[in-house]
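Engineer: Could you have a look at this structure, given as structure tokens, before my questions?
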Amino acid sequence: MAGTRPPAQRLRGSAIAAAAAALIAAAPAPAQPQATVLRVYFNNERLAAAPDDCAIVFERMRAVPKSEAVAAAALRQLFAGPTEAERAAGYRSPFSTASAGLLKRVFIEHGTAYVDLHDPRALLPGATSSCGAAEFGTQVERTLRQFPTVRRVILAIDGDPRAFYGWMGQDCDLTNDGCNPAPFGRRRARARGSGRRAHRVTA
């Protein structure tokens, strides 16, 4: 009959199609981007043994693209605040999507995490209440202390620790190195000289 191929040709065609299908099936799947799982910490009065204790926090997990700058990644997740589902489950924080861009840079030297913030004073007016300050400080410190290289945390506003601790109503003392701005200035100058991002850390 016209239009039909001999059996041998049909067999060869079927074999070629089967081989092509096998090659497609055996092809490796596209590589999935690697992720790093980090922890952030929020308050939750439903879980706390003492609901009015603003320094009790609970961990939440966050998956972020794999990076050496894990301290910066963790703080960005923290500063974005709890998700809607987490808020519905009772998690609370002074941070929200409005404060997601709060971090300027973070670096770790000799066990101290230095956290430089964009000015949060108009953005987070409630953070200076007694409970708000406890939530702010505890959430930041616990989030950073998940990294074994971090033993303490010092914060600054635009490179000035005195501005941050003054806003929080806290003294400049041994716990914050007397609000010494020198580490922030040294790091900024070093970053300009080297061209590297100042928040790139491997904690």
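Engineer: Out of G159, G169, G178, G111, which single residue is in contact with a helix residue (DSSP H, G or I) (Cβ under 8 Å, 6 or more places away or on another chain) and surrounded by fewer than 16 Cβ atoms within 10 Å (Cβ to Cβ)? So that I can check it myself, show each step before the final result.
Structural biologist: On the way: G159 fails: surrounded by fewer than 16 Cβ atoms within 10 Å (Cβ to Cβ); G178 fails: in contact with a helix residue (DSSP H, G or I) (Cβ under 8 Å, 6 or more places away or on another chain); G111 fails: in contact with a helix residue (DSSP H, G or I) (Cβ under 8 Å, 6 or more places away or on another chain).
Just a single option satisfies the conditions, and that option is G169.
For (1) among the basic types (K, R); (2) in contact with a Gly (Cβ under 8 Å, 6 or more places away or on another chain); (3) closer than 16 Å to F79 by Cα, each residue gets a yes or a no:
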residue	(1), (2), (3)
H118	no, yes, yes
P125	no, no, yes
C131	no, no, no
R151	yes, yes, no
D160	no, no, no
D177	no, no, no
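Engineer: Return the total of residues in the stretch 54-68 being surrounded by 14 or more Cβ atoms within 10 Å (Cβ to Cβ) and more than 11 Å from the chain's Cα centre (by Cα).
Structural biologist: So the answer is 6.
Engineer: Test P51 against the stated conditions and say whether it is surrounded by fewer than 14 Cβ atoms within 10 Å (Cβ to Cβ) and modelled with pLDDT of 60 or more. Spell out the reasoning first.
Structural biologist: Details: surrounded by fewer than 14 Cβ atoms within 10 Å (Cβ to Cβ): yes; modelled with pLDDT of 60 or more: yes.
Judged against the criteria, P51 is a match.
Engineer: Is the stretch 12-29 home to any residue that is surrounded by 11 or more Cβ atoms within 10 Å (Cβ to Cβ) and at pLDDT 95 or above? Even if it seems obvious, please write down each step before you answer.
Structural biologist: Initially, the stretch 12-29 is screened for residues surrounded by 11 or more Cβ atoms within 10 Å (Cβ to Cβ), giving 12-13.
Keeping just the survivors that are at pLDDT 95 or above gives none.
Looking through the stretch 12-29, none of the residues is surrounded by 11 or more Cβ atoms within 10 Å (Cβ to Cβ) and at pLDDT 95 or above.
Engineer: Pick out the one residue from R162, R187, R197, R192 that is modelled with pLDDT under 95, more than 23 Å from the chain's Cα centre (by Cα) and among the basic types (K, R).
Structural biologist: Details: R162 fails: modelled with pLDDT under 95; R187 fails: more than 23 Å from the chain's Cα centre (by Cα); R197 fails: more than 23 Å from the chain's Cα centre (by Cα).
Of the residues listed, the single one that is modelled with pLDDT under 95, more than 23 Å from the chain's Cα centre (by Cα) and among the basic types (K, R) is R192.
The values are calculated or read from the model by the stated rules, or taken from the named source; none is laboratory data. Keep in mind that what you see is a predicted model, and the values were worked out from it rather than measured. Every residue, glycine among them, receives a Cβ derived from its backbone with ideal geometry; neighbour counts consider all protein chains shown.
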